[in-house]
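Quick one: this structure, given as structure tokens, is what I'll be asking you about.
The values are calculated or read from the model by the stated rules, or taken from the named source; none is laboratory data. Quick caveat, the model's predicted, so the values are computed rather than measured. Here Cβ is always computed from backbone atoms with ideal geometry, including for glycine, and neighbour counts include all displayed protein chains. Protein only, heavy atoms only, side chains kept; ligands, DNA and RNA dropped before computing areas. Shrake-Rupley method; radii C 1.70, N 1.55, O 1.52, S 1.80 Å.
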Amino acid sequence: MIQNPVSRAERLLRPVAQLHGQTRLVTAALLIPVFAAVFWFTIPRGTWPRVLVALLVVTVVYALASYLLSRVSIRISHDCVNERGFFTTNRVASKRIESVLILTVYRGQSLETVQQLFLLDTTGDALLRMRGQFWSVDSIEAMASAFDVPVRRVEEPITGAALRRDYAPILYWFERWPLLGAAVSAGAIAGLSLVLILLMSPENLVVG
């Protein structure tokens, strides 16, 4: 355990800049070939307006997601930490922060590692979390040194399985139960796919 110097300067942290570019590339790689192929087959048949409606729906969803991502930030001040997440906000009073835990975790199945930071309260519950996939090392270190609390660093890298086994109480629910998280994600994707299919082929709806 080490003790940090007190830092009272307000600071605004943003996710890594590459995150926006990676999101655009993945979205384009998934959607452009699909819609290009569908337009290719529907234009000669005159049913392309349905595909256009589906494309507009996807575009609106993507624009909303991009807007929400652009607002993600963590503001550090002397008396609190204000986190603005993708869908939620979280305000942590500095007096509740008892310690900081920094883990080094393998990224997926590769040998690449990322840091994960947790602000913990007196009972060991997580008040705030920063994952290296989304936050830079500088941002994580800025949070680690922001308050005069002990910092525990686990330098030896651990796997995702070890993370779930040893630190389950401070993880997200979909990390503690990965199969349930995968099922929810698959259901959401299936639901969106069904909506798009119905938009492109409304005659498949049978009203009895």
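Can you name the residue in segment 1-20 that is open to solvent by less than 50 Å² (accessible area, probe 1.4 Å) and outside any loop (DSSP other than H, G, I, E, B) and, of all such residues, is modelled with the lowest pLDDT?
19
For residue 203, are the conditions met, namely being over 20 Å from the mean Cα position of the chain (by Cα) and either at pLDDT 90 or above or aliphatic (A, V, I, L, M) (or both)?
Numbers: over 20 Å from the mean Cα position of the chain (by Cα): yes; either at pLDDT 90 or above or aliphatic (A, V, I, L, M) (or both): no.
Judged against the criteria, residue 203 is not a match.
Next question. So, residue 179, is that one in a helix (DSSP H, G or I), open to solvent by less than 40 Å² (accessible area, probe 1.4 Å) and either modelled with pLDDT under 95 or more than 20 Å from residue 80 (Cα to Cα) (or both) or not? Full working, then the answer.
Numbers: in a helix (DSSP H, G or I): yes; open to solvent by less than 40 Å² (accessible area, probe 1.4 Å): no; either modelled with pLDDT under 95 or more than 20 Å from residue 80 (Cα to Cα) (or both): yes.
Against the criterion (in a helix (DSSP H, G or I), open to solvent by less than 40 Å² (accessible area, probe 1.4 Å) and either modelled with pLDDT under 95 or more than 20 Å from residue 80 (Cα to Cα) (or both)), residue 179 does not qualify.
Considering only residues that are under 28 Å from residue 11 (Cβ atoms), without any contact (Cβ under 8 Å) to a residue 60 or more places away in the chain and not aliphatic (A, V, I, L, M), which ones fall in segment 43-73?
Within segment 43-73, 66, 67, 70, 71 meet the criteria.
Could you please find all residues in segment 144-165 being under 18 Å from residue 119 (Cβ atoms) and of a type outside the set (A, V, I, L, M)? I'd like the intermediate steps shown before the answer.
To start, the set of residues in segment 144-165 that are under 18 Å from residue 119 (Cβ atoms) comprises 144-154, 163.
145, 147, 148, 150, 152, 153, listed by residue number.
Step by step: first the residues of segment 42-95, then only those that are in contact with a strand residue (DSSP E or B) (Cβ under 7 Å, 6 or more places away or on another chain) and among the hydroxyl-bearing types (Ser, Thr, Tyr), then the one that is surrounded by the most Cβ atoms within 10 Å (Cβ to Cβ). Which residue is that?
Only one residue fits best here, namely 94.
What are the residue pairs meeting all of these: first residue in segment 132-146, first residue modelled with pLDDT of 95 or more, second residue assigned to a helix (DSSP H, G or I), Cβ atoms under 7 Å, and 6 or more apart or on different chains?
Matching pairs, first to second residue: none at all.
Of the conditions (1) closer than 16 Å to residue 92 by Cα; (2) in contact (Cβ under 8 Å) with a residue 60 or more places away in the chain; (3) among the basic types (Lys, Arg), residue 129 clears all except one; give me its number.
(2)
I'd like the full set of residues that are under 20 Å from the mean Cα position of the chain (by Cα) and surrounded by fewer than 17 Cβ atoms within 10 Å (Cβ to Cβ), limited to segment 135-170.
Result: 137, 138, 141, 159, 160, 161, 164, 168, 169.
Another question, then. In segment 30-41, which residues are open to solvent by less than 60 Å² (accessible area, probe 1.4 Å) and aromatic (Phe, Trp, Tyr)?
35, 39
Conditions: (1) open to solvent by less than 30 Å² (accessible area, probe 1.4 Å); (2) farther than 28 Å from residue 64 by Cβ; (3) aliphatic (A, V, I, L, M). Residue 111 meets all but one. Number of the miss?
Of everything listed in (1) open to solvent by less than 30 Å² (accessible area, probe 1.4 Å); (2) farther than 28 Å from residue 64 by Cβ; (3) aliphatic (A, V, I, L, M), residue 111 misses just condition (1).
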